[in-house]
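Report on the structure given below.
The values are calculated or read from the model by the stated rules, or taken from the named source; none is laboratory data. Worth saying up front: this structure is predicted, and the values here are computed from it rather than measured. Cβ: placed from backbone, ideal geometry, glycine included. Neighbour counts: every protein chain shown.
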């Protein structure tokens, strides 16, 4: 049996932490002296402490550790819990990267507090033959799906890639998005179709800068439509004239994206 000080030394858990774990019910001592209240730990407690220490280093919360301890029977069970936690952390990392990009967009040294002035134009588009892949998900997944589509299109690509956004409002997730690549000829594959988009009259504005500030261009187009009593409809179209590279992302301040609103007939 180990006294709490000894147990602290061999488990790398402070006495304060051991007392806290006792209170939380995740690591109770094998024996507690009724007269003195002293805690004594045994070999099984040591194994449990090792597991708890591992889980803490893997960013498991106290509530999550309780779940593991209540359901964990062998190493196979543990691997499932760790895999699930890994997926949660990957989602959190993705969110934090998105937040970081937004911060960077607001800290552009060349731009300061200046806002871009958008020139809104009315123009006619030409019919476009395009391979497309439609999905429901997050806006930041557009690059991933365009990459998948490029693998199908290969040498048949015949113009700048673009995306169609079918929701009139903003979506945190579950957005209805179609990624498209102009092509010379038919492209087939799982979830991929080829179709011709008809010519349309559109409102157009070009956003130069990171995608995190592209909503400014949408505001400019919306304001122009309201001021000139122009009605528009979905899908919104984003054409990627200058984009990040496949490996090197380049300077996001120089990304060039044209946004088009379809004017109602």
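Observations on the model:
- Whichever residue in segment 20-30 is within 39 Å of the chain's Cα centre (by Cα) and surrounded by 13 or more Cβ atoms within 10 Å (Cβ to Cβ) and, among such residues, is nearest to residue 69 (Cα to Cα): 26
- Leading residue by the ranking (farthest from residue 74 (Cα to Cα)) among those in segment 31-56 that are surrounded by 14 or more Cβ atoms within 10 Å (Cβ to Cβ) and touching a strand residue (DSSP E or B) at 6+ places or on another chain (Cβ under 7 Å): 39
- Across segment 231-243, the qualifying residues are those that are crowded, with 16+ Cβ neighbours inside 10 Å and touching a residue at least 40 places away in the same chain (Cβ under 8 Å), and the one among them that is farthest from residue 121 (Cα to Cα) is 243.
- Failed item, numbered, when residue 158 is tested on (1) in contact with a helix residue (DSSP H, G or I) (Cβ under 9 Å, 6 or more places away or on another chain); (2) over 30 Å from residue 101 (Cβ atoms): (1)
Every residue, every condition in (1) out of contact with any strand residue (DSSP E or B) (no Cβ under 6 Å at 6 or more places or on another chain); (2) assigned by TED's automatic domain parsing to the domain that holds residue 239; (3) over 23 Å from residue 213 (Cβ atoms); (4) modelled with pLDDT under 95, yes or no:
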site: 130; (1), (2), (3), (4): no, yes, yes, no
site: 133; (1), (2), (3), (4): no, yes, yes, no
site: 138; (1), (2), (3), (4): yes, yes, no, yes
site: 152; (1), (2), (3), (4): no, yes, yes, yes
site: 163; (1), (2), (3), (4): no, yes, no, no
site: 168; (1), (2), (3), (4): no, yes, no, yes
site: 181; (1), (2), (3), (4): no, yes, yes, no
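- Test: residue in segment 6-20 that is closer than 16 Å to residue 72 by Cβ and assigned by TED's automatic domain parsing to the domain that holds residue 77: no
- Number of positions in segment 207-230 that are over 19 Å from residue 163 (Cβ atoms) and either surrounded by 15 or more Cβ atoms within 10 Å (Cβ to Cβ) or outside the structural domain of residue 134 (by TED's automatic domain parsing) (or both): 3
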